[in-house]
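The values are calculated or read from the model by the stated rules, or taken from the named source; none is laboratory data. Computed from a predicted structure; not experimentally measured. Counting neighbours? That spans all protein chains shown, and the Cβs are built from the backbone with ideal geometry, glycine included.
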Amino acid sequence: MPTSAHGLAHVVFFTLKDQTPAAQQALVAACHRCLPDHPGVVHFSAGVRGPAYQRPVNDQQFDVALVVVFDSEAAHDNYQTSTAHQQFIAEQSGNWAQVRVFDALV
C-alpha cells in the first residue's frame, strides 16, 4: 500500500510547568475545545497520565496525552496549519515545559 493511503496517528505528550491537577485539566479542556473537529479525524482523545500505572515500562515524564488519528497524511498536514491548531498552541504553550510528538503511519 502506498504511504499516502495510510492513516496517521499523531500522539503528543505534554509536560507542564504547572503540574497541578487544575492545570492538567485546563489543558485537557483546551484540547477538547480546539482540536477534535478537523477534517479527516477518525479518533480523538485527550487526558491526564494514569497515576496508577507505575510499571517500569510506563513513562512518568508527562502530564497530559493527546491522541489524534487522521484518515490520511494530508489530513494531518492540514491540521498542523489550521487556525484552531495554531490558536491552541498560542494559547497553551506558555505552560509547556516539554512537548514530545510521535507521528506514525497506521
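Taking first residues from the stretch 37-59 that are closer than 19 Å to residue 16 by Cα and partners that are assigned to a strand (DSSP E or B), the Cβ contacts under 6 Å between residues at least 6 apart in sequence or on separate chains come to 45/67; 46/66; 48/64.
Can you name every residue in the stretch 53-66 that is part of a loop (DSSP other than H, G, I, E, B), of a type in the set (A, V, I, L, M, F, W, C) and under 16 Å from the mean Cα position of the chain (by Cα)? Of everything in the stretch 53-66, just one residue is part of a loop (DSSP other than H, G, I, E, B), of a type in the set (A, V, I, L, M, F, W, C) and under 16 Å from the mean Cα position of the chain (by Cα), namely 62.
The set of residues from the stretch 67-83 being part of a helix (DSSP H, G or I) and among the acidic types (Asp, Glu) comprises 73, 77. Tell me which residues, restricted to the stretch 60-92, are under 27 Å from residue 6 (Cβ atoms) and free of Cβ contacts under 8 Å to residues at least 24 places away in the same chain. Across the stretch 60-92, the qualifying residues are 77, 80, 81, 83, 86, 89. Of all residues in the stretch 93-106, those that are touching a residue at least 40 places away in the same chain (Cβ under 8 Å) and assigned to a strand (DSSP E or B) have Cβ atoms under 6 Å from Cβ atoms of residues that are aromatic (Phe, Trp, Tyr) and surrounded by 13 or more Cβ atoms within 10 Å (Cβ to Cβ), 6 or more apart or on another chain, in 96/14; 99/14; 100/13. When 77, 63 are checked against the criterion of being at negative phi, of a type outside the set (Lys, Arg) and crowded, with 17+ Cβ neighbours inside 10 Å, 63 stands alone in meeting it. Given (1) under 11 Å from the mean Cα position of the chain (by Cα); (2) modelled with pLDDT under 95; (3) not small (Gly, Ala, Ser), identify the lone condition not met by residue 69. All conditions pass for residue 69, except number (2).
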